[in-house]
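Bear in mind that the values in this text are calculations on the coordinates, not laboratory data. Being a predicted model, the structure only gives us computed values, none of them experimental. Cβ sites come from the backbone with ideal geometry, for glycine too, and all protein chains shown count toward neighbours.
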Amino acid sequence: MSPRKSKRGRPPLKQGEAKSVLIQVRVTPEEAKAIEEQASQSQKPRSEWIRRRLIPPGDAKAPPKTEDPKPQPPAGP
């Protein structure tokens, strides 16, 4: 039996590692040029540069709970 050939391309990412939501935004040509220039200067792909500007590393946490906590009784003597 011959060894199995590997598939072409990048191996699949683990569960939860792949980005799956696409957010689109319209910008003016001048804004697009500024974004491209700044991303290029930082030597990062445009999407990575935008992502890091919007959400700094370490700030992407689970969303806060929407339920209000139960009121705590006042601490008294």
Query - Relative packing of peptides 34-44, 16-26 - highest average C-beta neighbours within 10 Å first - result: 34-44, 16-26
Query - 3J(HN,Hα) from dihedral phi, segment 29-35, Karplus parametrisation 6.51/-1.76/1.60, rounded to Hz, x for glycine, proline - result: x, 5, 5, 4, 5, 5, 4
**Report entry** Simple label model, 7 Å out from Cα along Cβ direction - LYS14 to ALA34, nm
**Finding:** 3.9 nm
